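The structure under discussion appears below in the form of structure tokens.
The values are calculated or read from the model by the stated rules, or taken from the named source; none is laboratory data. What you are looking at is a predicted structure, and each value in this text was computed from that prediction instead of being measured. Cβ placement follows ideal geometry from the backbone for every residue including glycine, while neighbour counts extend to all protein chains displayed.
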Amino acid sequence: MLEEVKYNDDIKLILLQKEEFWDTILPSGLEDSQWIDIATYNFDFKNIGDQTFYNKLKMLTNKGFEIRFVFSKAEEDQIFIEPLMAKSIYIIQNEQNHTKIMLTENLGYIGSADFSFGNGDNYECGFLIMNKSLIKEIREKVFIKLLNGNEISKPNPGLYNKVVNLFDTSTNILNNFGKLKDEELKNLLYELRFYSEVAEEIKNTFNIDFSVRNFDFSNFADKIDYSLLTISSEEFLDFHESLNELNESCKLAKKKIQSAYSTQGREKFLEGIQHNTDPKYIRDMLS
């Protein structure tokens, strides 16, 4: 970076040339993050050479990152996205968008730089944000409003996404059980109702031991009232242990699949298990 002005430990203003974004800034935000949100104005869908934004996105999806991408103007009249990309990235065209935002779980950038490779020596200026709670708030209050547009591609809810959703939901309940309002808690519990189907799919597809006791989270949700007096201590203990087991199993499955994506690439890994269902082969792919 050419220059930076520190506001506090969580926020600083940076002056950079556009090419530095991909080489310096973005890699520093990817560690321990599973998702990336990007909003930009121009986007070039032409898949020419390694140094294109399209190929950078393709590389990130192949490593297993879940990406939501918003753009306003495309350089082409017709937009073409390869099938793997279409299944792996959520692309929205919002013609009113002129923001330039990049968010990961650990790092946020809001500034002047379009995320492209044109005029890579231009000076750009923006704020880097390293505060997770602030990034979360920006994602939930600002970025979500940019998703109101034309869906160019929307990924299917693949098995990995289902595991991530179960993990995120169970983590939210475990961390905030006493803080959640009854309706919020009920809605989260209802999201866990298909966990047994996902567990079975995990076992059959990846041969991962997804050990979770049989627990009816929907029935538990129906019993909740403002005082929780309708739930016995035995039921609550069973609920808490089941939720912990589900969370740990999701964490293990997520880690193994993410590792396979990172080391082998999503495309190779998924093609491999699609054409070879031998348990030993799948175990070797995940080891």
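Determine if segment 4-12 includes at least one residue that is under 19 Å from ILE138 (Cβ atoms), out of contact with any Gly (no Cβ under 6 Å at 6 or more places or on another chain) and at pLDDT below 75. Break it down stepwise before answering.
Kept after step one, since they are under 19 Å from ILE138 (Cβ atoms), are these residues of segment 4-12: 7-12.
Now restrict to residues that are out of contact with any Gly (no Cβ under 6 Å at 6 or more places or on another chain): 7-12.
Narrowing the set further to residues that are at pLDDT below 75 leaves none.
Checked segment 4-12: no residue is under 19 Å from ILE138 (Cβ atoms), out of contact with any Gly (no Cβ under 6 Å at 6 or more places or on another chain) and at pLDDT below 75.
Restricting attention to segment 212-229, and to residues there that are assigned to a loop (DSSP other than H, G, I, E, B) and modelled with pLDDT of 70 or more, which single residue is farthest from the chain's Cα centre (by Cα)?
Among those that are assigned to a loop (DSSP other than H, G, I, E, B) and modelled with pLDDT of 70 or more, it is LYS223.
Please go through segment 163-190 and pick out each residue that is farther than 19 Å from GLU241 by Cβ and surrounded by 19 or more Cβ atoms within 10 Å (Cβ to Cβ).
VAL163, VAL164
What pairs come out if I take residues in segment 135-147 that are in contact (Cβ under 8 Å) with a residue 60 or more places away in the chain and pair them with residues that are part of a loop (DSSP other than H, G, I, E, B) and surrounded by 12 or more Cβ atoms within 10 Å (Cβ to Cβ) whose C-beta lies under 8 Å away, six or more apart or interchain?
Close Cβ pairs satisfying both conditions: LEU146/ASN94; LEU146/ASN97; LEU146/THR99; LEU147/ASN94.
Can you give me the number of residues within segment 191-207 that are assigned to a helix (DSSP H, G or I) and surrounded by fewer than 19 Cβ atoms within 10 Å (Cβ to Cβ)? Give the steps one after another, and end with the answer.
To start, the set of residues in segment 191-207 that are assigned to a helix (DSSP H, G or I) comprises 195-206.
Among the residues that remain, those that are also surrounded by fewer than 19 Cβ atoms within 10 Å (Cβ to Cβ) are: 196-197, 200-201, 203-205.
Summing the residues that are assigned to a helix (DSSP H, G or I) and surrounded by fewer than 19 Cβ atoms within 10 Å (Cβ to Cβ) in segment 191-207 gives 7.
Which members of segment 172-204 meet the condition of being in contact (Cβ under 8 Å) with a residue 40 or more places away in the chain and within 21 Å of the chain's Cα centre (by Cα)? Please lay out each step first, then the result.
Narrowing segment 172-204 to residues in contact (Cβ under 8 Å) with a residue 40 or more places away in the chain: 173-174, 182, 192, 195, 199, 201-202.
Those that are in contact (Cβ under 8 Å) with a residue 40 or more places away in the chain and within 21 Å of the chain's Cα centre (by Cα): ILE173, LEU174, LEU192, TYR195, ALA199, GLU201, ILE202.
Within segment 240-283, work out how many residues are more than 30 Å from ASN176 (Cα to Cα), in a helix (DSSP H, G or I) and modelled with pLDDT of 55 or more. Step through it out loud before you land on a result.
Let us first name the residues in segment 240-283 that are more than 30 Å from ASN176 (Cα to Cα), namely 260-283.
Now restrict to residues that are in a helix (DSSP H, G or I): 260-264, 266-275, 279-283.
Still in the list and also modelled with pLDDT of 55 or more: 260-264, 266-272.
Total meeting the criteria: 12.
For residues in segment 58-73 being at pLDDT below 80 and of a type in the set (Lys, Arg), which is nearest to VAL164 (Cα to Cα)?
Taking the candidates together, the pick is LYS63.
I'm told PHE117 meets every condition in (1) hydrophobic (A, V, I, L, M, F, W, C); (2) surrounded by fewer than 20 Cβ atoms within 10 Å (Cβ to Cβ); (3) modelled with pLDDT under 90; (4) in a strand (DSSP E or B) except one. Can you identify the failing condition by its number?
(4)
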